[in-house]
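Structure, as C-alpha cells:
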Amino acid sequence: MIAKLKGLIDSQGDDWAVVDCNGVGYLVACSTKTLGRLETGTAASLFVETQVREDAISLFGFLEAGERDWFRLLTTVQGVGAKVALAILSVAGPEQLLQIIAAGDKAGLTRANGVGPKLAVRILTELKDKAGKIALGGFAPGGIKDALSAAAPLPAGAGRMEDAVSALVNLGYKRLEAFQAVGETARELGDEADSSALIRAALKRLGKGLLA
C-alpha cells in the first residue's frame, strides 16, 4: 500500500502527474486544483490513496491530507467513484466542500462533471451529518478523518449548539451562516454557555442583535 510519494514531478496531464522517486515514475490521478499547484521539474510530496482491483492498481495524489480524506469520504457514497470524487474536488477544495455540504448547496456539487441533481442530493443527504459534526466542532478540513467513522461522537456541547443553529435557521438565516456563527461563538464563550447565550451572541456576530 502506497500512502505517500516524495520526488520530482516528471510530467503532467489533464488529470494526472508522474512522480519520479529515485528513478521510478509513479502515475497518480489528481484533481485539477492539485495539478495547478504542481510544476514539472520541481519537488513535491503527495499524500496517496491506493486502490487495488483485479485488473489494475490505481494511485490518487493529494497535496493536502484534508483533500485525501474528502476523497475517501466522497467515495463512500453510492454512485461516487474515484473519477467523480476527483471531479468534485476539482471544483471545490476541502473548505469549500465542507461549506457546500453544510449549507445543502446542490448547485455547488452539480458544477462537477458527472454529478447530476439526483447524485448531488444523495451526496448531501449521506454526508450532511458528518459535515455538520465538523462544522459544529470547528475542526480543520484535515480533521474530517474523525467523521469517517459512523460512531464518531459529536463534540462536547453539540446539543446546545444544534439548538442554537436551528433557532437561527428559524429566524431566517442560512444554515451555513448559522453553523459558522454558532461554532465561532461557542469557541469564544466556552462549554458553560447554554443555547440561549449562544443564540444571543451569534445574533450579535451576525449583526442582528434581536435578542440582546
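Observations on the model:
- Tensor-based shape of the stretch 1-100 (alpha-carbon gyration tensor, a/c under 1.5 rounded, otherwise prolate or oblate): oblate
- Full extension of the chain between residue 15 and residue 192 gives 58.8 nm of extra length, using 0.36 nm per residue less the Cα-Cα distance.
- Length gained when the stretch residue 27-residue 128 is fully extended (0.36 nm per residue, less Cα-Cα span): 33.1 nm
- Over 18 Å between alpha carbons, listed pairs 33/83; 128/174; 6/83; 106/174: 6/83
- Distance in nm between pseudo-label sites at residue 95 and residue 53 (7 Å out along the Cβ direction from Cα): 3.5
- Sorted on the mean count of surrounding Cβ atoms within 10 Å across their residues, most packed first, peptides 80-90, 35-45, 7-17 read 80-90, 7-17, 35-45.
- Ligands, DNA and RNA are left out, and with a 1.4 angstrom probe the accessible area of the stretch 10-89 is 49 Å² per residue.
- Stretch gain in nm, segment residue 170-residue 184, where the contour uses 0.36 nm per residue and the Cα spacing is subtracted: 3.1 nm
The values are calculated or read from the model by the stated rules, or taken from the named source; none is laboratory data. It should be emphasised that the depicted structure is a prediction, and the values quoted were computed from it without experimental measurement. Heads up, the Cβs are rebuilt from the backbone with ideal geometry, glycines too, and the neighbour counts pull from every protein chain shown. Protein only, heavy atoms only, side chains kept; ligands, DNA and RNA dropped before computing areas. Shrake-Rupley method; radii C 1.70, N 1.55, O 1.52, S 1.80 Å.
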